[in-house]
Amino acid sequence: RNFTSNTWNQFINLHIEVSGRLTRPLSTWELQAEQIRAGEAFLIYGLESSIMVGASFFISNDVEAYYAVGAYNRKLKIPISHCLIYQAIRYLKDTDIRYLYLGEDFADSKEISNKEMSIIYFKKGFANYIVQSRNLRFILE
């Protein structure tokens, strides 16, 4: 409801700061901003002295939401990511959206980095139901 271009630009800049680079084209960021304006997505964020220190972007419809992108200042004494996901869950419950999809669990993969393992562990902490997911690879000759 209070979405502005300034808020979105702060989120982009925080994401660049945390990741150390622009990870994808700015045009995709604009597509996500349009989703918010159209009511197809929302952004939950935290400020400290008017500076964005964390944000979580969710794509949603009337039934479910999908956690798409997050950026969180890692220098904080208390991890804000947990608070923002919790606030998103409260918002979804208030709007009768019944499901929140946080992402895949590929913890049993041999090709997973320590960072990806930490992300999976973080997301599992919020889950009350885990759906088994499989990757199938086909070699085409």
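The values are calculated or read from the model by the stated rules, or taken from the named source; none is laboratory data. Keep in mind it's a predicted model, so treat the numbers as computed, not measured. All Cβ positions, even for glycine, are placed from backbone atoms using ideal geometry, and neighbour counts span all protein chains on display.
Among the conditions (1) without any contact (Cβ under 8 Å) to a residue 40 or more places away in the chain; (2) within 14 Å of the chain's Cα centre (by Cα), PRO25 misses just one, which is (2). For the structure I just gave you, tell me whether TYR99 is closer than 30 Å to ARG137 by Cβ, touching a residue at least 12 places away in the same chain (Cβ under 8 Å) and under 11 Å from the mean Cα position of the chain (by Cα). No; evaluated as a whole, the condition is false for this residue.
Once the stretch 8-37 is narrowed to residues that are modelled with pLDDT under 95 and among the hydrophobic types (A, V, I, L, M, F, W, C), the residue that is farthest from HIS82 (Cα to Cα) is LEU26.
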